[in-house]
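Undergrad: Mind having a look at this structure? Questions to follow.
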Amino acid sequence: MSKTEWTEEWPTEAGKYWFYGWYWKWRIEEGILPCLSYVSVYTYTHMIGIRYVAEGLVMCKEDGGYGLWTKVEFPALPEITRPAAT
């Protein structure tokens, strides 16, 4: 298994990402442990810009969250044959 590359840079490309850290600054200040989250990143061409949605919560850089990001790499599925009924 290859080593996963993580970055502090917030994604600017739409897709699925892993985020490991804190959504909001207050979680850091209160000593809450970092969490691993599956995040959907949406990009818009009008004034909304980029949205980060984790577990139904909207994350914003402006809220002081901090963590590391990596793009989700979905595995290629192997060939599989249905077993005979017994």
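The values are calculated or read from the model by the stated rules, or taken from the named source; none is laboratory data. Only a predicted model underlies this, so the values are computations on that prediction, with no experimental measurement involved. Positions of Cβ are generated from backbone atoms using ideal geometry, with glycine treated the same way; all protein chains shown enter the neighbour counts.
Undergrad: Of the residues in the stretch 48-84, how many are touching a helix residue (DSSP H, G or I) at 6+ places or on another chain (Cβ under 8 Å) and part of a loop (DSSP other than H, G, I, E, B)?
TA: 2
Undergrad: Of all residues in the stretch 7-47, count the ones that are in contact (Cβ under 8 Å) with a residue 40 or more places away in the chain, of a type in the set (S, T, Y) and assigned to a loop (DSSP other than H, G, I, E, B).
TA: Number satisfying all stated conditions: 1.
Undergrad: Sticking with this one: Can you name every residue in the stretch 22-77 that is among the charged types (D, E, K, R), under 16 Å from E8 (Cβ atoms) and within 13 Å of the chain's Cα centre (by Cα)?
TA: Scanning the stretch 22-77 gives a single hit, K71.
Undergrad: If you go through the stretch 40-56, how many residues are surrounded by 12 or more Cβ atoms within 10 Å (Cβ to Cβ) and either among the aliphatic types (A, V, I, L, M) or in contact with a Phe, Trp or Tyr (Cβ under 6 Å, 6 or more places away or on another chain) (or both)?
TA: 5
Undergrad: Quick one: S37 ticks every box in (1) modelled with pLDDT of 85 or more; (2) surrounded by fewer than 12 Cβ atoms within 10 Å (Cβ to Cβ) bar one, so which box is it?
TA: Status for S37: all satisfied but (2).
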